[in-house]
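Participant: One structure coming up, written as structure tokens, with questions to follow.
The values are calculated or read from the model by the stated rules, or taken from the named source; none is laboratory data. All figures in this text were calculated on a predicted structure; none of them were measured in a lab. All Cβ positions, even for glycine, are placed from backbone atoms using ideal geometry, and neighbour counts span all protein chains on display. Remember, those area values only see protein heavy atoms, side chains included, never the ligands or the DNA or RNA. Shrake-Rupley method; radii C 1.70, N 1.55, O 1.52, S 1.80 Å.
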Amino acid sequence: MNYLSTRGKTDPMSFMDAGLTGLAPDGGLLIPESLPDLSGDLDRLATLSYADLAFEVFSHFATDIPSEDLRGLVDRAYSTFRHPDTAPVVQVEDRYILELFHGPTLAFKDMAMQFLSQFFEYALEKRDQHLNILGSTSGDTGSAAIHGVRGKSRINIFMMHPKGRTSPVQALQMTSVLDANVYNLEIDGTFDDCQAIMKALFADVPFKEQYLLGAVNSVNWVRVMAQIVYYLYSGLKVMKDTGADQVQFSVPTGNFGNILAGYYAMKMGLPVSRFMLATNENDILARFFNTGIYESGSVAKTISPSMDIQVASNFERYLFALLDGDAARVREVMDTFAATGRVDLSDRLKHEAMKLFASASADTAKTLKAIKETNARADYLMDPHTAVGVVVGDELRNGDPLICLSTAHPAKFTDAIVDAIGEEPHHPVLDALKGAETRCEKLPADQEAVRDYLVQKLGG
Ligand SMILES: *Cc1c(COP(=O)(O)O)cnc(C)c1O
């Protein structure tokens, strides 16, 4: 299987190259040249364990990794999960909740990051290369990446987080990892400052090449691919248990990476009647799916911080599909958006998306109310991201079985849970972190300071 850029100006590349490259050299996102058709095999796939299903799905995409090797990567990636089903589906009242938070950092980013880090280690070994990951995080991505690559040879990770702006638990999940290849950088500034520093250092191509800098952000194809599995896994399970011939999903959305994987699962043959795209007050995507106009605003801080984004980095892959694979049009649209902050795609959207995608946003009051009421009625405690998906799912659902994606464990978001139910949530993994030894470098929000730090640690 070869990978192409959504902007059409990059030569086709292999899976290993696509995974190591991240963003395509022409600025686009990498996509497989075709999607496998699994529609004739769904009954058998419905009987597989999570790891077996992941292995089968990945086999179609990672055609340059020998089967035995791929099997090993999959087994190691998913052996770190605390639940025997990896991603269990539980019934809560009249809907199904797909729990994606049983990995090391208790958020759904682990579903992909655990596999991505196995892949990195493998590909670097094969090619006798090293990689220095530079990232910036407002919370979940950073800790999932750190826990993925901790202790791996050939990889160092430098993760910036804004001082005092992640939740205390999220900061501790990162800074308590003491492996020698992990460097936490607390930046005296905002998340945007961290992003700007990262972009500036990546834009300095000689520096990036000399210091072998790489990224782990959600545009990496390997992450999207890994997320396809749990849509198939939960969808087939629920269809089998209920006898329904299709399902629908509600997905709390930020960068569009999660729901995009569901869209690919559908294109590969999973019968899905509707995707509900749920946002918090940061509703650029909800506005797009309701009006066809993609227009950024300013980011508002909410109780579901992992969805506090305005420009969804994975949206370009969906755009490519919406524009029938016309890379020249994708370039035009992305250029217009970069120049003006607005594009109107209402003509295109009418034919497919308005039927398949339904979208709404849930504000803080509705989200807290859903957490409180579901806890009282069903004795099930949801994190605020999950609750946004449940509110919107209940609002926009049709008659098919509804699967709501649960993207984090509630104990990661103590303040919101206390506001909702008046009690502190707990998880043994997080309780064990209290008082843990930590390591973290404090740096000013200045790209020269971060650059000097990298040079000093990496030598040369
Ligand atoms: C990252 C994240 C999301 C948003 O996922 P996207 O792929 O960016 O749409 C939702 N909930 C939680 C808890 C997350 O960490």
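Participant: Within the range 56-64, identify whether any single residue is in contact (Cβ under 8 Å) with a residue 12 or more places away in the chain, assigned to a helix (DSSP H, G or I) and of a type in the set (S, T, N, Q), and answer yes or no.
Facilitator: Checked the range 56-64: no residue is in contact (Cβ under 8 Å) with a residue 12 or more places away in the chain, assigned to a helix (DSSP H, G or I) and of a type in the set (S, T, N, Q).
Participant: Within the range 347-368, count every residue that is in contact (Cβ under 8 Å) with a residue 12 or more places away in the chain and either more than 14 Å from the ligand (Cβ to nearest atom) or in a helix (DSSP H, G or I) (or both).
Facilitator: Of the residues in that region, 15 qualify.
Participant: A follow-up question, please. Out of (1) out of contact with any His (no Cβ under 8 Å at 6 or more places or on another chain); (2) modelled with pLDDT under 90; (3) in a helix (DSSP H, G or I), what's the single condition that is false for Phe288?
Facilitator: All conditions pass for Phe288, except number (2).
Participant: State which residue is farthest from Tyr453 (Cα to Cα) when the search covers only the range 118-138 and only residues that are outside any helix (DSSP H, G or I) and in contact with a His (Cβ under 8 Å, 6 or more places away or on another chain).
Facilitator: Within the range 118-138, the match that is farthest from Tyr453 (Cα to Cα) is Ser138.
Participant: Only residues that are outside any loop (DSSP other than H, G, I, E, B), in contact with a strand residue (DSSP E or B) (Cβ under 6 Å, 6 or more places away or on another chain), open to solvent by 10 Å² or more (accessible area, probe 1.4 Å) and within 15 Å of the ligand (Cβ to nearest atom): list them for the range 80-117, please.
Facilitator: Glu99
Participant: Would you point out which residue out of Ala180, Ala107, Ala145, Ala171 is in contact with a Leu (Cβ under 9 Å, 6 or more places away or on another chain) and farther than 25 Å from Ile65 by Cα?
Facilitator: None of the other options fit; the residue is Ala107.
Participant: Moving on to the next point. Mind telling me which of the residues Ala416, Ala411 ends up being within 16 Å of the ligand (Cβ to nearest atom), closer than 30 Å to Val272 by Cβ and outside any loop (DSSP other than H, G, I, E, B)?
Facilitator: The match here is Ala416.
Participant: Still on this structure, please answer the following. Looking only at the range 12-47, how many residues end up being surrounded by fewer than 16 Cβ atoms within 10 Å (Cβ to Cβ) and either at pLDDT 95 or above or touching a Pro at 6+ places or on another chain (Cβ under 7 Å) (or both)?
Facilitator: 11
Participant: Which pairs have Cβ atoms under 8 Å, sit 6 or more apart or on different chains, and link a residue in the range 299-322 that is more than 18 Å from Val219 (Cα to Cα) to one that is open to solvent by 10 Å² or more (accessible area, probe 1.4 Å) and among the aliphatic types (A, V, I, L, M)?
Facilitator: Once the first residue is more than 18 Å from Val219 (Cα to Cα) and sits in the range 299-322, its partners that are open to solvent by 10 Å² or more (accessible area, probe 1.4 Å) and among the aliphatic types (A, V, I, L, M) give Val299/Ile309; Ile303/Leu368.
Participant: Now, a different point. Go through Asp400, Asp344, Asp419, Asp383 for me and flag whichever is closer than 23 Å to Asn280 by Cβ, touching a residue at least 24 places away in the same chain (Cβ under 8 Å) and surrounded by fewer than 20 Cβ atoms within 10 Å (Cβ to Cβ).
Facilitator: Asp419
Listed here are the residues, each with its yes/no results for (1) within 12 Å of the ligand (Cβ to nearest atom); (2) open to solvent by 10 Å² or more (accessible area, probe 1.4 Å); (3) not β-branched (Val, Ile, Thr).
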| position | (1), (2), (3) |
| --- | --- |
| Phe256 | yes, no, yes |
| Leu260 | yes, no, yes |
| Met266 | no, yes, yes |
| Phe288 | no, no, yes |
| Gly292 | no, no, yes |
| Glu295 | no, yes, yes |
